[in-house]
Amino acid sequence: MIPRLEWLVSTLASMTSVDAGSQSDTGSTTSTTSTTSTTSPTSTTSVAVPEPRDTAESGSMRLSRLILLAVLGVLALGGLLLRVWMLGHNSMDSDQATVGLMAREILHGHTYAFYWGQGYGGAEPYVVAAVSAVFGQSPLTVNATPSLLAVIISVLIWRIGLRLFSDMAALCAAVMAWIWSESTVWNSTKELGLHQICAVMGCVVLLEALRIVQAARTDDGDRLGDWLVLGLAAGVGFWASPEVVYLALPAIAAVLISLRRHTLRAALIRTGGAAGMLLVGCLPWIWGTLGGKEASFPPSPIGYPSRVVSFFSHVLPLLLGLRVKGIGVWEGGPAIGKGLFLVACCLLLAAMAIVVVRTQDGWIIVLALALFPFLYAAFPTSWFWNDGRYAVQLTTLLSLVVFGALFSVLRPPLVRWAACVVLAAAFMTTLVAFDSVYGAITNPSELTTWTANPNPAILALAHKLHGIGISHAYGGYWVANDLTFVSGGTVTVDNIGYIRNPPEAGAVLTADQAAWIFVDPAQATRASFEIGATTNINPGTFNGSAPFIDWLDAHGITYHQYFVDIFDIVVPVHNVTPAELRRSP
């Protein structure tokens with residue numbers, strides 16, 4: 001009986017290590033010490049017994065762990081509350097409304113490979129459609145979708161961390177990515193049609209690559225299923241945006257290196273299966289490209305070297321939480337901000353070196369981080385640095401490397417106290433930037449206001465048009481799609497001169513009567529807050545209603561004029577189309 005009992009104890013001990021590479025939060029791999037091979041129930045095994053600790057040390061260890069868990073819980077809640085607040089205060093603009101309109105069309109059976117009006121960016125509108133099918137179509141459900149995807153990203157980061165570091169390091173990295181930086185948090189409340197789902201797929205590829213690489217070193221070997229999931233995730237990620245290569249390229253390189261452990265036949269089966277699933281994931285992209293929509297990015301106003309410089313001067317400090325989204329000012333002023341940035345870069349380089357040296361397979365995420373600036377700059381759209389939307393995947397790598405290194409060089413309880421400090425400092429940078437943009441902390445009364453549809457100007461416009469019996473209109477892009485979506489379909493707007501019209505916009509040209517919606521040039525500053533832009537806010541080439549009214553007067557066409565919020569509505573007695581304007585200058 002005794003040998004069988006010893007075998008049972010040994011078996012239960014071996015079952016506690018689920019993930020290859022999963023470690024205890026002391027930073028060393030959990031293991032047992034055997035004197036003989038446990039190949040049968042009759043084998044004898046001696047299990048390593050921890051050295052006894054005094055009560056004070058044991059209490060200190062427990063206290064540090066409990067406090068770290070409490071900090072993680074509070075910060076996770078803080079990240080959630082920040083997103084909820086932003087969802088109730090950030091007005092929807094036409095870029096986000098376009099995704100909402102696409103989701104509405106998808107729910108009616110229509111399909112689209114790419115974001116309307118461009119040859120890239122897909123997949124995420126289908127997620128929005130799924131969320132809308134459950135919770136209804138509204139600005140809240142549209143912009144809450146990236147927040148739901150951000151939760152999935154954090155869970156995937158935790159799973160990736162368990163493959164590389166201790167359980168507590170993995171949890172800290174997941175929470176870090178959830179709360180840091182303000183740019184990352186803000187982007188997870190703005191549905192732009194591609195970035196969050198692309199980050200999800202990149203994390204899936206990275207996780208599957210680690211599963212494959214680590215399983216390949218075991219006697220059982222890797223599983224074909226992991227190769228298939230990796231290929232499918234890479235394909236869907238590429239359909240969402242080629243930016244998936246930020247995480248996928250180093251991950252795929254790692255799995256290809258692992259093939260040296262396989263026979264030629266096994267390697268061909270795995271790569272063939274992954275390639276096949278990649279094509280399946282890419283099918284919408286292939287269909288959209290072959291269907292005549294050239295899969296391309298718009299040209300960049302600056303060259304590749306300038307985009308690399310822009311990454312280090314603007315994007316990296318923005319994602320490190322040291323610059324404020326949008327306006328780009330340094331937190332604490334230029335001198336302090338730049339000084340902190342220099343320190344952060346030095347610490348980041350040290351952390352990368354530590355992860356490479358002390359973590360098996362850590363080189364994969366370090367390689368991804370090292371390549372990130374140069375892959376990022378390869379995309380022409382990355383010149384637009386202001387909100388960090390094209391670099392949201394960077395937060396994944398930064399969080400993993402920071403806590404992977406921290407838990408490698410320090411031991412409990414010190415590492416737990418250090419983790420609390422790092423997490424608190426990261427969240428503090430988020431709050432500083434948040435207050436710089438919204439002023440909600442220095443004016444606490446702002447924190448208690450909230451609305452599910454924070455689009456007062458567009459709502460007022462929709463109500464006014466409905467009140468005067470107008471269901472069709474012409475407007476600038478940043479008014480048109482926003483109004484079409486927020487009005488719930490009661491008003492359809494043709495955004496003259498832009499290529500993101502919803503399918504029903506063609507009906508505006510044949511309507512008996514259509515309004516022309518203008519924004520007073522004097523209201524441009526307010527327009528930037530209410531509709532998210534100061535250009536392309538008027539129909540065609542008009543800058544305010546005066547030239548259009550002059551044309552109507554010159555051609556003897558009667559009209560009515562209404563004013564509501566920042567908008568100037570002109571309703572001719574009959575539908576004056578853009579073609580009529582061109583024919584009779």
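The values are calculated or read from the model by the stated rules, or taken from the named source; none is laboratory data. Bear in mind the structure is a predicted one, so any value in this text is a computation, not a measurement. Note: ideal-geometry Cβ built from the backbone for every residue, glycine included; neighbour counts use all protein chains shown.
What the table below lists for this structure:
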| read-out | value |
| --- | --- |
| Selection status of residue 247, in a helix (DSSP H, G or I), in contact with a helix residue (DSSP H, G or I) (Cβ under 6 Å, 6 or more places away or on another chain) and surrounded by fewer than 24 Cβ atoms within 10 Å (Cβ to Cβ) | no |
| Every pair of residues 6+ apart whose Cβ atoms lie under 9 Å, when the first sits in segment 203-220 and is in the same structural domain as residue 399 (by TED's automatic domain parsing) while the second is crowded, with 23+ Cβ neighbours inside 10 Å and of a type in the set (Phe, Trp, Tyr) | 208/227; 212/227 |
| Residue 548 being modelled with pLDDT of 95 or more and out of contact with any Phe, Trp or Tyr (no Cβ under 6 Å at 6 or more places or on another chain) | no |
| Top-ranked residue of segment 499-510 - restricted to ones that are over 16 Å from residue 569 (Cα atoms) and part of a helix (DSSP H, G or I), ranked as nearest to the chain's Cα centre (by Cα) | 503 |
| Residue 89, sole failed condition from (1) part of a helix (DSSP H, G or I); (2) of a type outside the set (Phe, Trp, Tyr); (3) modelled with pLDDT of 80 or more | (1) |
| Whichever residue in segment 475-495 is in a strand (DSSP E or B) and closer than 28 Å to residue 327 by Cβ and, among such residues, is modelled with the lowest pLDDT | 495 |
| Residue under evaluation residue 499, criteria (1) more than 23 Å from residue 576 (Cβ to Cβ); (2) loosely packed, with under 14 Cβ neighbours inside 10 Å, criterion not met | (1) |
| Test: residue in segment 169-183 that is closer than 24 Å to residue 532 by Cα, under 19 Å from the mean Cα position of the chain (by Cα), part of a loop (DSSP other than H, G, I, E, B) and assigned by TED's automatic domain parsing to the domain that holds residue 428 | yes |
| Only listed residue being of a type outside the set (S, T, N, Q) and surrounded by 23 or more Cβ atoms within 10 Å (Cβ to Cβ), chosen from 274, 253, 267, 215 | 274 |
| Residues (closer than 18 Å to residue 183 by Cβ and surrounded by 15 or more Cβ atoms within 10 Å (Cβ to Cβ)) located in segment 414-434 | 423, 426, 427, 429, 430, 431, 432, 433, 434 |
| Test: residue 479 is touching a residue at least 24 places away in the same chain (Cβ under 8 Å), among the aliphatic types (A, V, I, L, M) and more than 30 Å from residue 330 (Cβ to Cβ) | yes |
| Residue, farthest from residue 104 (Cα to Cα), within segment 517-529, restricted to residues that are surrounded by fewer than 24 Cβ atoms within 10 Å (Cβ to Cβ) and over 31 Å from the mean Cα position of the chain (by Cα) | 522 |
| Subset of segment 127-152 (residues that are surrounded by 17 or more Cβ atoms within 10 Å (Cβ to Cβ) and in a loop (DSSP other than H, G, I, E, B)) | 137, 138 |
| Scope segment 218-228; condition modelled with pLDDT of 95 or more and surrounded by 19 or more Cβ atoms within 10 Å (Cβ to Cβ); matching residues | 226, 227 |
| Residue in segment 435-445 that is farther than 30 Å from residue 64 by Cβ, touching a strand residue (DSSP E or B) at 6+ places or on another chain (Cβ under 7 Å) and surrounded by fewer than 20 Cβ atoms within 10 Å (Cβ to Cβ) present | no |
| Pair list, Cβ < 6 Å and 6+ apart or interchain, from segment 315-330 residues that are crowded, with 17+ Cβ neighbours inside 10 Å to residues that are part of a loop (DSSP other than H, G, I, E, B) and among the acidic types (Asp, Glu) | 322/331; 325/387 |
| Some residue of segment 464-471 being of a type in the set (Lys, Arg) and either without any contact (Cβ under 8 Å) to a residue 12 or more places away in the chain or under 23 Å from residue 191 (Cα atoms) (or both) | no |
| Residue 429 closer than 17 Å to residue 75 by Cβ, hydroxyl-bearing (Ser, Thr, Tyr) and touching a residue at least 24 places away in the same chain (Cβ under 8 Å) | yes |
| Where residue 170 falls short, out of the listed (1) more than 26 Å from residue 230 (Cα to Cα); (2) small (Gly, Ala, Ser); (3) touching a helix residue (DSSP H, G or I) at 6+ places or on another chain (Cβ under 7 Å) | (1) |
| Members of segment 218-252 that are among the aromatic types (Phe, Trp, Tyr) and farther than 17 Å from residue 393 by Cα | 227 |
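Yes/no matrix, rows are residues, columns are (1) touching a strand residue (DSSP E or B) at 6+ places or on another chain (Cβ under 9 Å); (2) not in a helix (DSSP H, G or I); (3) not acidic (Asp, Glu):
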| site | (1), (2), (3) |
| --- | --- |
| 466 | no, no, yes |
| 497 | no, yes, yes |
| 512 | yes, yes, no |
| 522 | no, no, yes |
| 529 | no, no, yes |
| 539 | yes, yes, yes |
| 543 | yes, yes, yes |
